[in-house]
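The values are calculated or read from the model by the stated rules, or taken from the named source; none is laboratory data. Since this is a predicted model, take the numbers as computed values, not measurements. With ideal geometry, Cβ positions are generated from the backbone for all residues, glycine too; neighbour counts draw on all protein chains shown.
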């Protein structure tokens, strides 16, 4: 890629993340804030680091991401998916390790729609026989 930068889009539920990777010191910027500042839970910060830790490049790339939609957990999953896809774009030889760890697979689970005549997707109004 030009200037060793790599770009990819990650998705999870309704969250969409645009992720840019460039060689650097390992800093994470999400929506123009640090990852610990943006994601209040330490679990979310751990989740977005997983693809880089898997391939041992945590201190070699700076991550810059913008993410919209969904909740914090879905946004963290979208950023992780984007980082994995951007790593694959930067170095195709990393694909087998990222694929085996499951980071390149988009999580297909979404919220099930509410059905008409019922209070929710699976919930039913109380039935009275008599």
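Okay, here's what the table says:
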| quantity | calculated |
| --- | --- |
| Selection count, segment 1-32, where residues are assigned to a loop (DSSP other than H, G, I, E, B), within 17 Å of the chain's Cα centre (by Cα) and touching a residue at least 40 places away in the same chain (Cβ under 8 Å) | 2 |
| Which numbered condition residue 113 fails, given (1) modelled with pLDDT of 95 or more; (2) surrounded by 21 or more Cβ atoms within 10 Å (Cβ to Cβ) | (2) |
| Flag for residue 91 being surrounded by fewer than 18 Cβ atoms within 10 Å (Cβ to Cβ) and closer than 22 Å to residue 25 by Cβ | yes |
| Residues of segment 52-83 that turn out to be within 16 Å of residue 104 (Cβ to Cβ) and at pLDDT 95 or above, as a count | 7 |
| Segment 63-85 residues that are at positive phi and touching a residue at least 40 places away in the same chain (Cβ under 8 Å), paired with ones that are buried (at least 24 other Cβ atoms within 10 Å of the Cβ) and part of a strand (DSSP E or B) (beta carbon under 7 Å, 6 or more apart) | 70/12 |
